[in-house]
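Beneath this line is the structure, given in structure tokens, with notes to follow.
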Amino acid sequence: MAMRGIGKKRANQTARARRRPGRPGGAGHTEAVREALLRAARELFAQRDFRAVSVRGIAARAKVNPALVHYHFGDKRGLYRAMLQQTLGPVLQRAQAFSESGSEPDLRELVGNIMRVLAQEPWVPRLIVREVLAEEGAFRDIFAREFAAKGGGRLPAILARERERGVVRQDLDLTLTALSIMSMTLFPFVAQPVVEQVFGLRIDDAFARRLAEHTVRLLFEGAGPRPRGGKRK
């Protein structure tokens, strides 16, 4: 019996030694677990700021072991970054393609994509207000470097290509034009409670499509009356 106990103990020690560092045992290392953690993080970060949300709280919401947060993302900050990347990544990749590829940029598509994400993921505008714009925002530098610079930061290059095509006027300051586009694109969603109360608008997918079309038309046609016979040039 004693020898059997020693053999079992050695087998357990060997199994633990073979296990990768930081990797909890069991069958929890699946994409489903990772998605559950991201979903739980979105729900909690939409309600509270970064410092008020704990790893244990996220794991409890996802119904998994807290060690899995560290295994999949390293730490809470890594999970936060992955959460943003999952949501904003496709839009940023499209912006990069427009600014670098030989294809014609499509500002209507780009602006529409950004607005649809903001309408479908209302936690993103709240995150921007709480963690980026606030004086002690925990993610200001990361958001500016890894997301804003790759999205809005590429707009001047996209506008430069539009200028070459004759779509954008030669006398426009492209940096200020990019800033104007970012302002018109983001503000209605960042200020959603005020916008809905003051203007009686409902911020949803239909609104995002309507606003994207309006923003592009306002940019390229202006607010003045059209000349007789058609659109502004």
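Below is a table of values for the structure above.
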{"item": "Per-region count, region 200-221, residues outside any helix (DSSP H, G or I) and either surrounded by 14 or more Cβ atoms within 10 Å (Cβ to Cβ) or outside the structural domain of Gly112 (by TED's automatic domain parsing) (or both)", "result": "2"}
{"item": "The listed residue being over 25 Å from Ala119 (Cα atoms), surrounded by fewer than 14 Cβ atoms within 10 Å (Cβ to Cβ) and out of contact with any Cys (no Cβ under 6 Å at 6 or more places or on another chain), out of Gln197, Gln170", "result": "Gln170"}
{"item": "Residue tally, condition within 17 Å of Gly222 (Cα to Cα), out of contact with any Leu (no Cβ under 6 Å at 6 or more places or on another chain) and in a loop (DSSP other than H, G, I, E, B), over region 157-192", "result": "7"}
{"item": "Any chance Ala138 is assigned to a helix (DSSP H, G or I) and among the small types (Gly, Ala, Ser)", "result": "no"}
{"item": "Qualifying residue in region 46-69 (condition: assigned to a helix (DSSP H, G or I) and under 30 Å from Arg210 (Cβ atoms))", "result": "yes"}
{"item": "Every residue from region 122-143 that is more than 14 Å from Arg48 (Cα to Cα) and touching a Gly at 6+ places or on another chain (Cβ under 9 Å)", "result": "Phe143"}
{"item": "Odd one out for Glu43, checked against (1) at pLDDT 85 or above; (2) under 12 Å from the mean Cα position of the chain (by Cα)", "result": "(2)"}
{"item": "Residue in region 114-131 that is among the β-branched types (Val, Ile, Thr) and more than 17 Å from the chain's Cα centre (by Cα) present", "result": "no"}
{"item": "Filter pass, Arg77 being out of contact with any helix residue (DSSP H, G or I) (no Cβ under 7 Å at 6 or more places or on another chain), surrounded by fewer than 18 Cβ atoms within 10 Å (Cβ to Cβ), at pLDDT 85 or above and of a type in the set (Lys, Arg)", "result": "yes"}
{"item": "Answer residue from region 136-148, given it is without any contact (Cβ under 8 Å) to a residue 40 or more places away in the chain and more than 21 Å from Pro188 (Cα to Cα) and is nearest to the chain's Cα centre (by Cα) among those", "result": "Arg145"}
{"item": "In region 143-167, the residues that are β-branched (Val, Ile, Thr) and crowded, with 17+ Cβ neighbours inside 10 Å", "result": "Ile158"}
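The values are calculated or read from the model by the stated rules, or taken from the named source; none is laboratory data. Quick caveat: nothing in here was measured; it's all calculated off a predicted structure. Cβ: placed from backbone, ideal geometry, glycine included. Neighbour counts: every protein chain shown.
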